[in-house]
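These notes are about the structure you will find just below.
Just so it is clear, none of the values below were taken in a lab; they were calculated from the coordinates. Computed from a predicted structure; not experimentally measured. Glycine also receives a Cβ, built like all others from the backbone with ideal geometry; neighbour counts cover every protein chain displayed.
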Amino acid sequence: MKRLYILRHAKSSWAQPGLGDIDRPLNTRGKRQLEVLSPWFEQQPCTPCQILCSPAVRTRETLDGIIKAAGDAPTEFIDRMYNGTVDNYLEVLWPQTADNLILIGHNPTCDELARFLTNPSSPAAELLMARHFGTANVAVLEYTRDNWSELSESSCSLIDFIRPKDLQHIG
């Protein structure tokens, strides 16, 4: 069984006028989101895994916030994931060989990809369909085929949809 974690970057800052979009850092709220999300990731069966990440500052900082959970998993920073489409993200996923993948990207693509891959009869499909794919949200998908190259519409089971604000009440 393969597992794909689609993680939208944590909340970023718009406080520096003139700063390019790709260079926007996380704001205080984004850092707090990761303080809650990181322990959750540490409990997941993520290793061994591969991390696929947009090169934007906010996605890199999101990765830094969960890196302890991923251990020494190899990380690729992929240019086409910044401003990428669902097709771009699929092209990044198809050649992967690790059983567990963490994809750190942007909206609307994270949301669109999760909805595209989710089989409507999945246990958590209603959670995704009823909610906005906010910052630092994670779609957890299971994939039963042997190769990521067969990843296609409705080919995954959405087993959970995590929001940091839901995790704050646990513990």
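Points worth noting:
- Scanning segment 23-34 for residues that are part of a helix (DSSP H, G or I) and surrounded by 14 or more Cβ atoms within 10 Å (Cβ to Cβ) turns up 29, 30, 31, 32, 33, 34.
- For the criterion of being touching a strand residue (DSSP E or B) at 6+ places or on another chain (Cβ under 7 Å), in contact (Cβ under 8 Å) with a residue 24 or more places away in the chain and closer than 23 Å to residue 116 by Cα, residue 82 fails.
- Among the residues of this structure, residue 61 counts as one that is acidic (Asp, Glu), in contact (Cβ under 8 Å) with a residue 40 or more places away in the chain and not in a loop (DSSP other than H, G, I, E, B).
- Selected residue (criterion: surrounded by the fewest Cβ atoms within 10 Å (Cβ to Cβ)) from residues of segment 139-152 that are touching a helix residue (DSSP H, G or I) at 6+ places or on another chain (Cβ under 9 Å) and assigned to a loop (DSSP other than H, G, I, E, B): 152
- Looking at segment 69-138, the helices (runs of 4 or more DSSP H) lying wholly inside it that each contain 3 or more residues that are more than 21 Å from residue 167 (Cα to Cα) and out of contact with any Pro (no Cβ under 7 Å at 6 or more places or on another chain) sit at 86-93, 109-117.
- Flag for residue 124 being closer than 26 Å to residue 65 by Cβ, touching a residue at least 24 places away in the same chain (Cβ under 8 Å) and either among the basic types (Lys, Arg) or buried (at least 18 other Cβ atoms within 10 Å of the Cβ) (or both): no
This table checks each residue for (1) among the aromatic types (Phe, Trp, Tyr); (2) under 27 Å from residue 131 (Cβ atoms); (3) crowded, with 20+ Cβ neighbours inside 10 Å.
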{"residue": "44", "(1), (2), (3)": "no, yes, no"}
{"residue": "59", "(1), (2), (3)": "no, yes, yes"}
{"residue": "67", "(1), (2), (3)": "no, yes, no"}
{"residue": "71", "(1), (2), (3)": "no, no, no"}
{"residue": "74", "(1), (2), (3)": "no, no, no"}
{"residue": "81", "(1), (2), (3)": "no, yes, yes"}
{"residue": "87", "(1), (2), (3)": "no, yes, no"}
{"residue": "98", "(1), (2), (3)": "no, no, no"}
{"residue": "109", "(1), (2), (3)": "no, yes, yes"}
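- Whichever residue in segment 153-170 is without any contact (Cβ under 8 Å) to a residue 60 or more places away in the chain and assigned to a loop (DSSP other than H, G, I, E, B) and, among such residues, is farthest from residue 43 (Cα to Cα): 153
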